[in-house]
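K.L.:
The structure under discussion is supplied below as C-alpha cells; questions concerning it will follow.
Just so it is clear, none of the values below were taken in a lab; they were calculated from the coordinates. Just so we're clear, the structure is a prediction, and the values are computed from it rather than from any experiment. Positions of Cβ are generated from backbone atoms using ideal geometry, with glycine treated the same way; all protein chains shown enter the neighbour counts.
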Amino acid sequence: MKKISIYFGIILLTGCVSVPTRSYHPAYGTKNTGYFELNDFCKKYRLRYDFNTLDDIVHLISQDTDVKMLIDSHYILYNGRIIPLKKVPYYSKGKIFIPAELAGVVSASNPAASVSSQSLPPGGYRFKPISIRTIVIDPGHGGKDPGAISRRGLKEKYVVIKIARYLKRDLEKMGFRVYITRNSDVYLTLKGRVQYARRHKADLFISVHANSNRSRKIRGVEVYYLSEKYFDSESKAVVMAENAPFRSSSGLFPKNTQRIIWDLMCVENNTISLDFANTVVSTLRSMGFKVRSPKGAPFYVLKYAYVPSILVETGYLSNLHEEKLLRKSYYQKQIAHGVALSVKILNRHYAKLVNMAYKGRQ
Ligand SMILES: [Zn+2]
C-alpha cells in the first residue's frame with residue numbers, strides 16, 4: 001500500500017511554475033497561435049492546476065473557476081457544464097498545451113483576469129447527428145495476448161486482424177479516412193488503443209473480436225455498445241475476457257470521481273453508438289448472418305475512446321461451425337463488408353437528419 005501512495009504522489013503534479021514558453025503542435029495549429037503552454041495559461045489567469053498522468057485529465061482551479069479537460073478531447077467540463085472546444089489540449093515533450101479559446105471561458109468567469117477577445121463557446125450538450133469521416137478500427141489482442149483460442153488452435157488475434165484489414169479496405173473504397181490500431185501481431189495496451197483513437201480524432205471506433213464460450217453450442221455474431229450495466233451475465237463474461245489486459249494494469253483506471261464526470265460525456269456518444277450497433281445488426285441480418293440482439297456492456301475500449309464506438313464479436317471460436325467459417329476469407333470479407341456498409345448507411349441517415357433540420361429552419 002505504501003508503495004502505491006508514493007507512486008501516486010509522484011505522478012500528480014500540482015501548482016503553477018512560471019515558465020515563459022509558448023509552443024505549438026504541428027497537428028493542431030501554427031506556431032505561437034491557438035495555444036498556451038499550461039504554466040503560462042495558469043499564470044495569466046491566476047489558476048492552479050493538477051495533472052494526473054494516469055487518466056490524462058488536467059484540472060484548472062481558482063476561487064470561481066473549475067475546469068476539467070481531457071488530453072486530446074474536444075470537450076471540457078467547466079463549472080459542471082460540458083463545453084465543446086474547437087481545438088484539443090495536448091501533451092508534448094513533458095509539457096501541456098491548452099487551446100487559447102479556453103481563455104474566453106475562463107476570463108468570462110474570472111473578473112480578476114485580463115479580458116480576452118475570445119467569445120464564450122456555445123454551452124449545453126445535446127445530441128447532434130455527426131458526419132462520419134474518420135474511423136479507427138481496433139483489431140483486438142495481438143502479440144503476447146492471443147485472445148480466444150479454438151480447440152483446433154485458431155487464435156483470435158490472427159482472425160480479427162484479417163477481418164479488420166478487409167474492413168479498412170472496404171471503408172476506404174467508400175471514401176472514409178481509416179486508421180488501424182495494429183496492422184501486425186503486436187501487443188497493445190487498452191489505454192494505447194483508446195489514446196490512438198483520440199489522437200486520430202475518430203468519429204467512430206470499431207473494435208473487432210471473436211468470441212468464445214464454455215458451451216460449444218453457442219454461436220452467432222454479437223454487437224456491443226457502451227453501457228454502464230451488463231446486458232446479462234453472458235455479456236459480463238465476454239467483458240471480463242476482453243478487458244483482461246487491463247486488469248493486469250489496474251493503475252491505468254481513472255479515479256472514481258473523475259470517471260463519473262467524464263462519464264457525462266459518453267451520453268451523446270452512447271446515442272450514436274447505439275444507433276450504430278442497431279445498424280450493424282440489421283445490416284448483417286439482412287445479409288444472412290446469424291446475429292444476436294445488440295447488447296450494452298462496459299468495455300474499457302468503448303468507454304475511454306470518448307468517441308462513438310462499438311465492439312463486434314465476429315463469431316464463436318468455441319463453436320465448430322463458426323470456427324470453420326472464421327478461418328475462411330470469404331466469411332471474413334463478408335462480415336467486414338457488412339460492418340462497412342453499416343457505417344455508410346448510418347452516415348446517410350445522419351446526413352438526412354441534418355438536412356431535415358436545415359429545411360425546418362427555413
Ligand atoms: Zn477478444
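K.L.:
Taking 0.36 nm per residue of separation and subtracting the Cα-Cα distance, what length does fully extending Arg292 through Ser215 add?
P.N.:
So the extension gain works out to 26.1 nm.
K.L.:
May I pose another question? Roughly what would the spin-label model give for Tyr91 and His321, points 7 Å off Cα along C-beta, in nm?
P.N.:
For Tyr91 paired with His321, the spin-label model returns 4.8 nm.
K.L.:
Given Lys86/Lys168; Lys157/Lys201; Lys155/Lys324; Lys87/Lys201, which pairs have Cα atoms separated by over 20 Å?
P.N.:
Lys86/Lys168; Lys157/Lys201
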